[in-house]
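There's a structure below that I have some questions on.
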Amino acid sequence: MIAQIKGRLVEKTPTYVVIDCNGVGYQLNISLNTFSKLGEDESCLLFTHFVVREDAQLLYGFKDKNERELFRLLISVSGVGSSTAMMILSSLSPDEIKGAIMNGDVNTLKSIKGIGAKSAERIIVDLKDKIGKVELTGKISVFANNTIKDEALSALIMLGFAKAPAEKMLDKIFAQTSDITVEELIKRTLKTL
């Protein structure tokens, strides 16, 4: 299994990149999300997923592990192949995809080219619980850039509260008042748990 590739960025297009690693050029299929995160620097590190099929061996590259994990979840759904998963990741951000799955938003998923109503429903049904479990390991979070919520959640878990109910309550309080300190967020959550 090839877990990551680090090397010199030789070629960059919206659908693939070529990375030179000690004289060997690896072509990695990428999403538009990864394309937008890649700079023009020569040095490049991508986390990978290697797919071996009868007719091809394909490498998929991702700028961060969260996107790779979401890709792996998407291809685990019956009827969603690598190309469809890359289309989904190119059409929506990982947070938007996760939000659509967690909220059962069929229309958002249907808006992606190649995803019909049945496929969207299957993705939601198959991944709703898995996304929740991934969230429990901290790999994907709707509030990935929100350190206040993350710090409050860590504190509550250390205090002995279960992660899922604590996180739901944090989300609820944070939705009402996003301009809040960590201490205040913890205090409000403790009053309601």
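Among the residues of the stretch 102-128, how many are among the hydroxyl-bearing types (S, T, Y) and closer than 23 Å to K168 by Cα?
Number satisfying all stated conditions: 1.
Let me ask you something else. If I go through the stretch 114-135 residue by residue, how many of them are under 19 Å from E67 (Cα atoms) and of a type in the set (D, E, K, R)?
Going through the stretch 114-135 one residue at a time, the tally reaches 6.
Could you grab me the full set of residues in the stretch 10-28 that are part of a strand (DSSP E or B) and either surrounded by fewer than 18 Cβ atoms within 10 Å (Cβ to Cβ) or not assigned by TED's automatic domain parsing to the domain that holds V51 (or both)? Reasoning before the result, please.
The initial filter retains those residues of the stretch 10-28 that are part of a strand (DSSP E or B), namely 10-12, 16-21, 24-28.
Hits for the stretch 10-28 are V10, E11, K12, Y16, V18, D20, C21, V24, G25, Y26, Q27.
Separate question: Take the conditions crowded, with 18+ Cβ neighbours inside 10 Å, under 16 Å from the mean Cα position of the chain (by Cα) and of a type in the set (K, R) and apply them to K98. Does it pass?
Working: crowded, with 18+ Cβ neighbours inside 10 Å: yes; under 16 Å from the mean Cα position of the chain (by Cα): yes; of a type in the set (K, R): yes.
Against the criterion (crowded, with 18+ Cβ neighbours inside 10 Å, under 16 Å from the mean Cα position of the chain (by Cα) and of a type in the set (K, R)), K98 qualifies.
Please go through the stretch 125-153 and give me each residue that is more than 23 Å from A100 (Cβ to Cβ), at pLDDT 75 or above and surrounded by fewer than 16 Cβ atoms within 10 Å (Cβ to Cβ), ordered by number.
E151
So which residues in the stretch 90-114 are closer than 18 Å to L46 by Cβ and in contact with a Leu (Cβ under 7 Å, 6 or more places away or on another chain), if there are any at all?
Result: S90, P94.
Any idea which of (1) under 17 Å from M1 (Cα atoms); (2) assigned by TED's automatic domain parsing to the domain that holds P14; (3) without any contact (Cβ under 8 Å) to a residue 24 or more places away in the chain is the one L46 doesn't satisfy?
With (1) under 17 Å from M1 (Cα atoms); (2) assigned by TED's automatic domain parsing to the domain that holds P14; (3) without any contact (Cβ under 8 Å) to a residue 24 or more places away in the chain applied to L46, the lone miss is (3).
Would you mind finding the one in S31, S91, S36 that is surrounded by fewer than 17 Cβ atoms within 10 Å (Cβ to Cβ), among the polar types (S, T, N, Q) and within 30 Å of D171 (Cβ to Cβ)? Lay out the reasoning, then the answer.
Values: S31 fails: surrounded by fewer than 17 Cβ atoms within 10 Å (Cβ to Cβ); S91 fails: surrounded by fewer than 17 Cβ atoms within 10 Å (Cβ to Cβ).
The conditions single out S36.
Let me ask another. Among the residues of the stretch 63-90, count how many are within 14 Å of the chain's Cα centre (by Cα), without any contact (Cβ under 8 Å) to a residue 40 or more places away in the chain and over 17 Å from I131 (Cβ atoms).
Number satisfying all stated conditions: 2.
If you go through the stretch 40-58 one residue at a time, how many are hydrophobic (A, V, I, L, M, F, W, C) and surrounded by 19 or more Cβ atoms within 10 Å (Cβ to Cβ)?
Number of matching residues: 3.
The values are calculated or read from the model by the stated rules, or taken from the named source; none is laboratory data. Since this is a predicted model, take the numbers as computed values, not measurements. Glycine gets a Cβ as well: all are built from the backbone with ideal geometry, and neighbour counts include every protein chain shown.
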